[in-house]
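A short reminder: the numbers here are calculations on the coordinates, not readings from a lab. Values in this document were obtained by computation on a predicted structure and should not be read as measured data. Neighbour counts run over all protein chains shown; Cβ positions are idealised from the backbone, glycine included.
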Amino acid sequence: MSVSDDELPAGPNPFEVIGGEPAVLALVQRFYDLMDLEPAYKGLRALHPSHLEGSRDKLFWFLCGWLGGPQHYVERFGHPRLRARHLPFTIGIAERDQWMACMKQAMNETGLDSTLDERLEASFFNTADWMRNRGG
Ligand code: HEM
């Protein structure tokens with residue numbers, strides 16, 4: 001399976017299935033709220049700026065397009081080049097796993113369409129794993 005920031009989960013348009021922009025926004029807000037609140041994501045939180053507003057906007061814009069909806073991120077910033085944009089941050093297995101755990105918790109808590117859960121989770125994992133830039 002090819003892994004890139006162009007990758008879309010296979011099958012029906014996930015953006016439509018999960019409920020469009022309101023659902024993506026709810027997911028992103030919960031994801032960053034949890035990152036702020038949960039001690040388990042402290043390491044992940046520490047990599048981010050003190051204010052998360054910019055991170056919230058960017059992840060929301062990116063995920064809309066990545067899920068098959070409007071390309072808000074590309075319209076503003078061009079090609080995502082996600083791996084390159086993550087190179088300033090040290091990302092190993094621990095960081096990847098915290099990102100995934102935080103996203104899975106946000107997916108559960110926002111009640112994202114369960115028929116999509118497994119496919120979405122696999123796609124998030126592939127993208128998160130591809131972001132690793134150091135061993136361990
Ligand atoms: C693997 C673990 C990951 C870590 C530790 C991580 C960490 C970060 C950090 C610290 C930033 C900078 C935040 C800011 O400038 O406000 C960032 C930006 C971003 N991340 Fe991640 N991230 C990870 C995985 C992912 C994944 C899987 C996705 C997409 C599915 C993603 C999408 C983004 C986007 C779109 C941005 C904004 C890029 C920009 O325009 O500057 N990240 N990430």
Let a ≥ b ≥ c be the square roots of the eigenvalues of the Cα gyration tensor of the chain; is it rounded (a/c under 1.5), or, if not, prolate (a/b larger than b/c) or oblate?
rounded
What is region 3-125's relative contact order, in percent, from Cα pairs under 8 angstrom and six or more apart in sequence?
39
Any DSSP H helix in the chain with Cα axial reach of 15 Å or more and mean Kyte-Doolittle score of at least 0.0? Listed by number, the hits are 20-37
Per the helix-only calculation at 222 nm, which mean residue ellipticity applies to the chain, given -39500 (n - 2.57) for every DSSP H run of n ≥ 4 and division by its residues, nearest 500 deg cm²/dmol?
-18500 deg cm²/dmol
Can you tell which of Leu87, Phe124, Phe31 lies farthest toward the positive end of the dipole of the chain, using +1 and -1 charges on the Cβ of basic and acidic side chains (Lys, Arg; Asp, Glu)?
Leu87
By the C-alpha gyration tensor axes a ≥ b ≥ c (rounded if a/c is under 1.5, else prolate when a/b exceeds b/c, else oblate), the shape of region 20-71 is prolate
